[in-house]
1. Residues B:254, B:224: which one is away from every other protein chain (no Cβ under 12 Å) and at negative phi?
2. Determine if the stretch B:105-122 includes at least one residue that is at pLDDT below 70, over 24 Å from residue B:247 (Cα atoms) and more than 11 Å from chain A (Cβ to nearest Cβ).
3. Quick one: is residue B:296 within 28 Å of residue A:274 (Cα to Cα), in contact (Cβ under 8 Å) with a residue 12 or more places away in the chain and not assigned by TED's automatic domain parsing to the domain that holds residue B:205?
4. Can you confirm whether the stretch A:265-282 contains a residue that is more than 7 Å from chain B (Cβ to nearest Cβ) and touching a residue at least 40 places away in the same chain (Cβ under 8 Å)?
5. Going through A:265, A:235 one at a time, which residue ends up being under 35 Å from the mean Cα position of the chain (by Cα), small (Gly, Ala, Ser) and crowded, with 16+ Cβ neighbours inside 10 Å?
6. Considering the stretch A:248-262 alone, what residues qualify as being of a type outside the set (Lys, Arg) and touching a Gly at 6+ places or on another chain (Cβ under 9 Å)?
7. How many of the residues in the stretch B:2-53 are closer than 13 Å to residue B:132 by Cβ, away from every other protein chain (no Cβ under 14 Å) and under 16 Å from the mean Cα position of the chain (by Cα)?
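The values are calculated or read from the model by the stated rules, or taken from the named source; none is laboratory data. Predicted model, so just to flag it, every value in this text is computed and none were measured. Positions of Cβ are generated from backbone atoms using ideal geometry, with glycine treated the same way; all protein chains shown enter the neighbour counts.
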There are 2 protein chains.
Amino acid sequence: MGESLTLRVRNGHVASGARLLGWLEDGDPRGAEALRALHPATGRSQVVGVTGPPGAGKSTLVDTLVAGWRARGLRVGVIAVDPTSPFSGGALLGDRVRMQRHATDRDVFIRSMATRGQLGGLARHTGEACAVLDAMGYERIAVETVGVGQDEIDVAALAHTTLVVCPPGAGDGIQAQKAGLLEVGDALVLNKADHPGADAAERDLRELLHLRGASPEGWQPRLFRTVASRGEGVAALLDAIEAHGRHLRETGGFARVNGRRARRALRERVLWRVEERLLERAQADPALGSLLERVADGSLDPYTAADHLLEAWIPTPHPDPE
Amino acid sequence: MGESLTLRVRNGHVASGARLLGWLEDGDPRGAEALRALHPATGRSQVVGVTGPPGAGKSTLVDTLVAGWRARGLRVGVIAVDPTSPFSGGALLGDRVRMQRHATDRDVFIRSMATRGQLGGLARHTGEACAVLDAMGYERIAVETVGVGQDEIDVAALAHTTLVVCPPGAGDGIQAQKAGLLEVGDALVLNKADHPGADAAERDLRELLHLRGASPEGWQPRLFRTVASRGEGVAALLDAIEAHGRHLRETGGFARVNGRRARRALRERVLWRVEERLLERAQADPALGSLLERVADGSLDPYTAADHLLEAWIPTPHPDPE
């Protein structure tokens, strides 16, 4: 059954993909088995991270990007990590209605990461979801995150191409935040460019872009003015995303991002299994159980407990050089 | 030297506390050694989490709470995790100037968690910082976070008392978010209560509070209207925070939160050491190193690599029952 599921996922069967994503979110061991089997089918999608502060219009932009990609004949996945996104069920009714125009398009797959990492980190779940959508044959995957917090920075590290979306008319304080976000942007999007303050914001952003310069591989991030709600400026942005994808493939950056995602998956898988074994042992071994109790009641500090635990459980196999 | 530093920290010496926090952020092994030694001096501070959406006025509220605690003769620590907080250097000049009124008060210690977890998670760093401020004798520790993301939920779990701060006049979408936040609130603060829409917001919030009811231990969260910028309503809120602290001490909840923090510290310490050893081994052992390379270049899937790695490195000491 597992094998036929992976086959159906590789054939782009939507219900099978959704079931696999459910297994992964629930920590069901069949999820990891399926990902192992799907590995050879991954590595082709271009993952496009869309980040920025709340209110920048990220969801509307994603919605128009999806439409643009579809018009170019590309199959598209959307992963919404942003808790304020209509894709993840977090926003106003009007937004939700608007994005439903893709709901009947079987070449668009939308997944929300609203359940925030009860079983492992948000970045792990998002990375796994990217792998599933990749194996399903979606050629572009948009990952929408709100640009606040380490989680979101980790999620952004999964993307091949990162768009930083800024609203006009933000104050000095937001400016400082933007500077941090800018460092991860392969393209900068001044959305709602018909609002007052857009010209002033453009000047500020151009200055920041100028300070930053090109990447070591020669990619110069550019600024795009868009009015996503009317689709204005989106075609040029789509061209830039495609150009960045080609640039990455030519310079080896595409494989480098995939490798980073794989190394991260390995790291998280190992730590996850270690923790799982640790819990099993703590339940089976009374000495370990009492160690945990003494930490909980404060009679033993966690650092000494960690030493005991590691020594009892993972004895150093051969002495260290020094 | 380590011993005299821990002694100085226990005596509340500010520069020594700051140095220890720096070690912990840098992953310097002296940090963990010092925390181990300081463990008997911890467990007394009441940690007060202050969370809510951006723009709710959390920093201003923290500023007035600090003033109120100081007026009651209490020593106060502030940990700013919120990237938009003036305490962490993220906000407008006016805010920063306002909070500086505490900068010369040696019974107020302010620490920013702006450096977001390059070496371990944000929650780990925040938990460690709480332990340091606790050992230094700060009787109340305010932890300011923005109410978005798993990181922030993890940070909120460190607090004895959680305040959820809401601005008036938010739409339906924000309402849904509030419902999630509300579940963690021991008190609800409707700040900027002089703004239009405050009465409508109060009705909505009271309804949510009513649906929620009292905790299993009998604590009924209440709603407080404040105008933090003018100090209005803050005295009643301070009284509620003190009452919640007494309630926790009477019902065993205070020790339970400390135990949760300690168990989390143990877990993170163990996983951190496991990862550290793993990296050491990967550098020393060519077979391990090539395993990592094969994951990075995509020729081996991370799940199979994790199995190899765990089997080679941590052989199962005795077979599992099944």
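1. Working: B:254 fails: away from every other protein chain (no Cβ under 12 Å).
The unique qualifying residue is B:224.
2. Yes.
3. On the way: within 28 Å of residue A:274 (Cα to Cα): yes; in contact (Cβ under 8 Å) with a residue 12 or more places away in the chain: no; not assigned by TED's automatic domain parsing to the domain that holds residue B:205: yes.
No: the conditions fail for residue B:296.
4. yes
5. Values: A:235 fails: crowded, with 16+ Cβ neighbours inside 10 Å.
Criteria check complete, one pass: A:265.
6. Taking the stretch A:248-262 and keeping what is of a type outside the set (Lys, Arg), we get A:248, A:250-255, A:257-259, A:262.
If the condition is that a residue be of a type outside the set (Lys, Arg) and touching a Gly at 6+ places or on another chain (Cβ under 9 Å), then A:251, A:254, A:255, A:258, A:259, A:262 are the ones that fit.
7. 2
Table: residues versus (1) modelled with pLDDT under 85; (2) out of contact with any Cys (no Cβ under 7 Å at 6 or more places or on another chain); (3) within 14 Å of another protein chain (Cβ to nearest Cβ).
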position: A:128; (1), (2), (3): no, yes, yes
position: A:135; (1), (2), (3): no, yes, yes
position: A:145; (1), (2), (3): yes, yes, yes
position: A:165; (1), (2), (3): no, yes, no
